[in-house]
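Below is one structure, written out as C-alpha cells, with a few remarks after it.
Bear in mind these aren't lab numbers, they're just calculated from the coordinates by the rules spelled out. All values reported here derive from a predicted model rather than from experimental measurement. As a convention, Cβ positions derive from the backbone with ideal geometry for all residues, glycine included, and neighbour counts pool all protein chains shown.
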Amino acid sequence: MFKKYLAVIVAFILIAVSLVILSQSLRRPGSPGIMKKLVFEVTAPLEQGIHAGVDSVGGAWRRYLFLVGLEQENRELRKKIAALQSEVNYYREMSLEGTRLKKILALEDSTVYPTIAARVVGNEGSSPFRTILINRGTRDGVKDGLPVISPDGVVGRVIETSWNYAKILLVTDYNSNIDALVQGSRAQGILQGGGHRLSRLKYVQRTEEVKVGEAVVTSGLGGMFPKGLMLGTVARADKKDPGLFQTIEVVPSVDFSKIEEVLVLQTEKE
Amino acid sequence: MAYYIVIPFFALLLVVLQRTLLDLVFGGRIGIEVSLILVVWAGFHLDMLRGGVLAFVLGFLLDCLSGTILGLTTFVYVVIFVLSSLLSPRIYGERMLFIMAYVFLCALLEGLFLFAVYWFVYDTDVSDSLLRTTLPQALVAGVLSPAVFTLFNRLGVDVYAGEAR
C-alpha cells in the first residue's frame, strides 16, 4: 500500500520542499543560508582550480594565436618593407639621376659648342669592341664623327647614326686614336684605346719628362675633339723599351661601366 | 544507499563542470545545461525517489551557485522531473527527435518560469533575456540531448551494475 503511493508522496514532498525554499527566498531575498554557504565553500576551490587550468590552457592558446597573428603580421611587414625598399631605391635612383643630370647641365653650360644630351641605352661591355648606344640620332642633329663627353671627360666619338640612335666608339676601343697632350709636360702624342687594359699614349718622345698622375687632355689637333677635354691620368711612364718613344699608360677618366648620360658636342659648323 | 551518498558529489562535479568548462564552449555567451538534460533523462530512467533526489540536488546546487532566487531552479527541476516521470510509461523516450523536442520544451519551460517569477514577483520584464539567452540555450540543450542521453544511459547501466554487486 505504502509502496504504491511512494512515488506520489516523494513527488509531493520534493515539490513542497522546493516551493517552501522558493517562497522563503522570495520573502527574504539576500539571506544566503547555511546550505548556500556550504556549497560555496565546497565548490569555490573546485571552480578556482578548473578556472586556473582553463586559464593556463587558454593562455597558451591565446599565446599561440598571438604568435600565429604575429607571424602573419611579420609576413605582411616584410612585404611592406620590400615595397618600401623598392620605393626608396626608386627615389635614390631618381636622386642620383638628378645629381648626374645636374653635372651634365653644368658641363653643357661650360662648353662653347652646342650640345645634345643623350641617354646611354646600350653598353656592350663583354664585346671586344668598346662601343655604346645613345638615344639620339640624326633627327636630333647627331652626326658621325662628333665628340661625346661626360662630366668626367671624353667618352668617345660617334661612328654610326640612325634617325633616333647613335653608336659611340669609346676612347678605350683599340680603334680609337685621339690627339692628346700631357697637361704638365705638354708632351704630345696619340692616345690609343687598350680595350680591357689601360690606354696607351703613343709617340711621346723619350726626351719628354712625363710623371705618373699627370692629366692627359685632348690637344685639339686633328679638329675632331676640342682642346683641353679630359682623357685620363698617367698611370705608368717608362723609357726602358728601345726606340724613339717612351711607353706611357693612361687610366681613362671616365668609368665606362657606369656611364648613363652623355653630351654630344656639335663641333661641326653648319 | 551508495547512490544517495554519491549523488551529491556527482551533482556537484557536474554543476561545476557545467559552470566552468562547458561554459567556455560558446565563449560564455550560451551555457550548455547538461544538468537539465540529466533531469529529463532521470525522469525517463530512474524511479521517483532516486530521480527526484537527483533533480532536487542538481537544482539546489545550481540555485546556490548561480541563481539569485534560491529554490527557483530546484522547483523547476523537480517539476520537470515529475512531468518526465509521469510521461515515461506512456511515451517511448529513446527516439532522438522526441528527446530533442522534449528537452527543448523543458528548457523553454524553465525560462518561462523564470520570466513569470520576475514578472509577477519583482514586476520586472526579462523577456529580452528569454530571447537572447533562454531560446538559444534551449536549442543547444535540445541538439545535444541525444548524445547526453546516450552517455547517461551508459553511466546509468554502470551505476546499477555497481549497486547490484
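Just how far, in whole angstrom, is segment A:74-91 from segment A:183-233 if you go by their alpha carbon centroids?
Their Cα centres are 48 Å away from one another.
Enumerate the aspartates and glutamates that A:LYS239 could reach by cross-link, defined here as Cα to Cα under 15 Å, with residues fewer than 8 away along the same chain left out.
The reachable aspartates and glutamates, counting only those whose Cα sits under 15 Å from A:LYS239, are A:GLU208, A:GLU209, A:GLU249.
What does the charge count near B:CYS64 come to, summing +1 for each Lys or Arg and -1 for each Asp or Glu among other residues with Cβ under 12 Å from its Cβ?
That works out to +1.
Taking 0.36 nm per intervening residue step and subtracting the Cα-Cα distance, what contour gain separates A:PHE40 from A:PHE245 on full extension?
62.4 nm
Can you give the angle from 0 to 90° between the axis of helix B:72-87 and the longest principal axis of chain B, with both taken from C-alpha atoms, to the nearest 10?
It is inclined by approximately 50 degrees.
To the nearest 10 degrees, how steep is helix A:2-27 against the longest Cα principal axis of chain A, on a 0 to 90 scale?
Tilt of helix A:2-27: around 60 degrees.
I'd like the mean, over residues of A:255-265, of how many other protein chain beta carbons sit within 10 Å of each residue's own Cβ.
Mean partner-chain Cβ count within 10 Å for A:255-265: 0.
May I ask you to list the aspartates and glutamates whose Cα is less than 14 Å away from that of A:LYS36, ignoring any residue fewer than eight positions away on the same chain?
Cα-Cα hits under 14 Å: B:ASP63.
Shape call for segment A:1-110 from the C-alpha gyration tensor, a ≥ b ≥ c root eigenvalues: rounded (a/c under 1.5), prolate (a/b greater than b/c) or oblate?
Taking the square roots of the gyration eigenvalues as a ≥ b ≥ c, segment A:1-110 is prolate.
Structure shown: which of A:LYS202/A:LYS227; A:LYS103/A:LYS167; A:LYS103/A:LYS258; A:LYS102/A:LYS227 lie over 25 Å apart, alpha-carbon to alpha-carbon?
None, as every Cα separation is 25 Å or less.
For chain B, what is the charge dipole size about the Cα centre, in debye to the nearest 20, if Lys and Arg each add +1 at the Cβ and Asp and Glu each add -1 at the Cβ?
Computed charge dipole of chain B: roughly 360 debye.
Using 1/(1 + (r/R0)^6) with R0 = 45 angstrom and r between the beta carbons of A:THR138 and A:GLN188, what's the FRET efficiency to the nearest 0.05?
That gives a FRET efficiency of 0.85.
Can you pull the mean other chain C-beta count within 10 Å for peptide A:101-114?
0
Roughly what % of Cα-Cα distances in the protein assembly as shown sit above 28 Å, to the whole percent?
Cα-Cα pairs in the protein assembly as shown separated by more than 28 Å: 67 percent.
Counting other Cβ atoms within 10 Å, keep those with at most 12, restrict to DSSP loop, and tell me which trypsin sites (Lys or Arg not before Pro) in segment A:63-141 are left.
none
What does the net charge come to around A:SER110 if you take all other residues with beta carbon closer than 13 Å to its beta carbon, with K and R at +1 and D and E at -1?
Surrounding charge for A:SER110 is 0.
So, R0 is 51 Å and r is the distance between the beta-carbons of B:LEU87 and A:ILE81; what FRET efficiency does that work out to, to 0.05?
The value I calculate is 0.15.
List the GluC sites (Glu not before Pro) within segment A:177-258 that fall in a DSSP loop (any state other than H, G, I, E or B) and whose Cβ has at most 14 other Cβ atoms within 10 Å.
A:GLU209
Could you tell me whether segment B:1-126 comes out rounded, prolate or oblate from its Cα gyration tensor? Rule is a ≥ b ≥ c as square roots of the eigenvalues, rounded for a/c under 1.5, then prolate if a/b exceeds b/c, otherwise oblate.
Because its axes are fairly even, with a/c under 1.5, segment B:1-126 counts as rounded.
If one takes the longest principal axis of the Cα atoms in chain A, at what angle in degrees, from 0 to 90 and to the nearest 10, does the Cα axis of helix A:33-110 lie?
Value to nearest ten degrees: 10.
Only Lys, Arg, Asp and Glu count, each charged at its Cβ (+1, +1, -1, -1), so figure out the dipole size of the protein assembly as shown about its Cα centre, rounded to 20 debye.
Dipole about the Cα centre, nearest 20: 500 debye.
DSSP loop chymotrypsin sites (Phe, Trp or Tyr not before Pro) in segment A:130-237 with at most 11 other Cβ atoms within 10 Å of their Cβ, which ones?
A:TRP163
If the only charges are +1 at each Lys and Arg Cβ and -1 at each Asp and Glu Cβ, what is the size of the charge dipole of segment A:1-110 around the Cα centre, to the nearest 20 debye?
880 debye
Which of A:PRO114, A:PRO226, A:PRO242 moves most in a GNM of chain A, Cα contacts under 10 Å?
A:PRO242
From the residues A:ALA118, A:LEU101, A:ALA60, which one has its Cα farthest along the dipole of segment A:56-136 in the positive direction, the dipole being from +1 and -1 charges on Cβ of Lys/Arg and Asp/Glu about the Cα centre?
Most positive-ward Cα: A:ALA60.
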